[in-house]
Amino acid sequence: MNELKQLKAIIKKFTDLKKTLAIAESCTGGYISHMITNISGASNVFDRGIVCYSNQSKIQLLNVNDDDIEKHGAVSKSVADQLAFNIRRLSNTDIGIGITGIAGPTGGTKEKPVGLVYIGLSTIEKTEVHKFEFNADRITFKKLVLEKIVDFLTELGE
């Protein structure tokens, strides 16, 4: 099943469950929000998507701790955790997703290679962060992040 069909099923399920969602996107630049809003009925579920590409936007819009960015870097488990938790809390939604990574082809280091992404998922019960490394061009990278998010949201809707 392709992502649009899966997203349509997720939106229907979340509408039935009266669950809402907000997303803080860095490296995906709004792609995840764009794909969700391609589905009719998304407004029943999708509250907002914030593109927080710069460190300053993460701090100003989503209250990410600037000391954590300084200590761990913007691409880190700590930042993804804060993005997911804070977007959920600030939006007053049931689910928050935070995404931070290095889409490439430049910007990587030995410690943080191109293709590294942290995806935070926050619910009222818990916040967790998943780390992935994708060997892909920028567009494919975004599609692979979307696939992971679709998987997470499918599991939450079960």
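Note on the stretch 20-76: residues that are touching a residue at least 40 places away in the same chain (Cβ under 8 Å), in a loop (DSSP other than H, G, I, E, B) and surrounded by 19 or more Cβ atoms within 10 Å (Cβ to Cβ) total 7.
Pairs meeting the criteria (first residue in the stretch 90-111 and farther than 13 Å from Asn135 by Cβ, second residue surrounded by fewer than 14 Cβ atoms within 10 Å (Cβ to Cβ) and of a type outside the set (A, V, I, L, M, F, W, C), beta carbons under 9 Å, at least 6 apart or on different chains) are Asp94/Lys18. In the set Glu133, Glu111, Glu155, which member is farther than 14 Å from Glu25 by Cβ, surrounded by fewer than 16 Cβ atoms within 10 Å (Cβ to Cβ) and modelled with pLDDT of 95 or more? Only one candidate qualifies: Glu133.
The values are calculated or read from the model by the stated rules, or taken from the named source; none is laboratory data. For clarity, every value in this text was computed on a predicted model and none was experimentally measured. When we count neighbours, we look across all protein chains shown, and the Cβ atoms used for this are built from the backbone with ideal geometry, even at glycine.
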